[in-house]
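In what follows, a structure is listed as structure tokens, so that the remarks can point back to it.
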Amino acid sequence: MKRRAYLAVAALSLSGCAGLTGSEDDETGDENGTGNGNGDDDGNGDDDGNGSENGTDRGDGETGTIDDFEDLDRWEAMEGELSADEERSVVGSQSALLETGSGSRVMIKRKFDSPRDMSDALPALAAAADRDVNALIQLTDTSGDRLLLRSALEADGPLVARNFGVDGLEGVPDMSDIGYVKISAWAGDDRSVKLWVDDLRFVSRPETATVLLQFDDGFETTATEALPILEEHDYPATAFVNTEYVGGEDAMSVDQLEELADAGWTIGSQGTRGANLTDLDESEQEAEISDALDWLDENGFGDDVPFAYPLNGYDESALELAAEYHDRAFTGGFTAHGNPYNPHLIPRAVNPDPGEAERILDRAVAYRGIATITYRELDADRRSDFEDTVEYIAELEEEGDVRVALPDDLEVVDTD
């Protein structure tokens, strides 16, 4: 392990211990986390753990579906109740439904029949909840050290594939020797929650930790402040624009967008007006997305551009429309994750301060993940914060720890 990656793991370990109980069977702090969201002992039917009738077990180093939740006997309900829901699924005929009982937390655990090598993978999961919660995946090695990964779930959102971002750890888990996995969510004191999960899988990681820099809402400071800073390092970025406001007060002009494109930037869409898509019906959602794409194409920026959900709002129809019109789409969430499992729900950190940005980047370096960081308007204070973060990225790049990329550079997980 490179020295910086080792130091990053050590720092994560210290920060992650604050909310941990230290007990293998206890939860590791609440699932609310710090992110930017604006099998059982008898195995799985095969003694060596490298195959099963339904094809969901994987051997060491393999990626793909690990559990399709068709056989819930693999799982132990540690808190709350576990049952099958045949009305909702992503793969197979059912999902697993976790419901709180007398407490405020749900948690299930599966012990692998033999330790798994996840040196080149990170977990992903299809998940949904009936209230706003942060779902948690814990990966624990055979010595009890564990890695914590989270995903922000919107209340009554769709059951869809999600990447989980690294958010902390206890000890220094050996990713080549993972003994079991836990899935949980905490509703908050005196609250209940229903959590649906399906298609737990291991997804590949990039060869080098990857950083994406993005700017929302088309503010003029993206061209006047961010571009000069990034040009010093020859870094590209993505500018998401609300097309109706291009050329308006405090917004970039077409000429400025062309300047960004000439500098190697990607110009992406954030809809025509930046309206929260969950406030619109399906026809209005489609107009918001398709009209913006038409404008970008007509003005020379192409029709193969990424999308950012305005105000991080989405529902099932918005996801379907984003997938129809765009190859990549981004929303707020826990970053430092593996290759995109769902290319239309890629999480990103929104307006992190320099300290939080450094922690995100350290997690990405330590676990060779993808860190997407986005900003809005760069006023004087925010400009200084952004400049500090870019300098830190430059240090990481000089050591060979990260690369700066664009949305099209991401390798999407093959789910076939």
Q) Where the centre of each part is set by its Cα atoms, how far does segment 199-217 sit from segment 228-248, in angstrom? A) 20 Å
Q. Between segment 293-315 and segment 72-106, what's the alpha-carbon centroid distance in Å?
A. 37 Å
Q. How big is segment 278-319 on each of its three principal axes, counting only the C-alpha atoms and giving the largest first in Å?
A. 30, 18, 14
Q: Could you sort 338-347, 323-332 so that the peptide with the highest average Cβ count within 10 Å comes first and the rest follow in order?
A: 338-347, 323-332
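Given a Förster radius of 41 Å and the C-beta distance between residue 409 and residue 190 as r, what FRET efficiency does 1/(1 + (r/R0)^6) yield to the nearest 0.05? Intermediate values should be presented prior to the final figure.
Values: r = 46 Å, r/R0 = 1.11.
Here the calculated transfer efficiency is 0.35.
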Q) If all Cα-Cα distances of segment 181-289 are sorted into 5 Å bins from 0 onward, what percent lands in each bin, rounded to whole numbers? A) 2, 10, 15, 13, 11, 11, 14, 11, 9, 4, 1
Q) Any idea how far the Cα center of segment 363-416 sits from the one of segment 330-345, in Å? A) 13 Å
Q) If the chain between residue 224 and residue 392 were fully stretched, how many nm would it gain, using 0.36 nm times the residue separation less the Cα-Cα distance? A) 58.4 nm
Q: Would you please calculate the Kirkwood hydrodynamic radius of segment 209-409 over all C-alpha pairs and express it in Å, rounded to one decimal?
A: 16.8 Å
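Computed from the coordinates by the stated procedures, all read-outs in this text should not be read as laboratory data. Only a predicted model underlies this, so the values are computations on that prediction, with no experimental measurement involved. Positions of Cβ are backbone-derived with ideal geometry, glycine not excepted, and every protein chain shown enters the neighbour counts.
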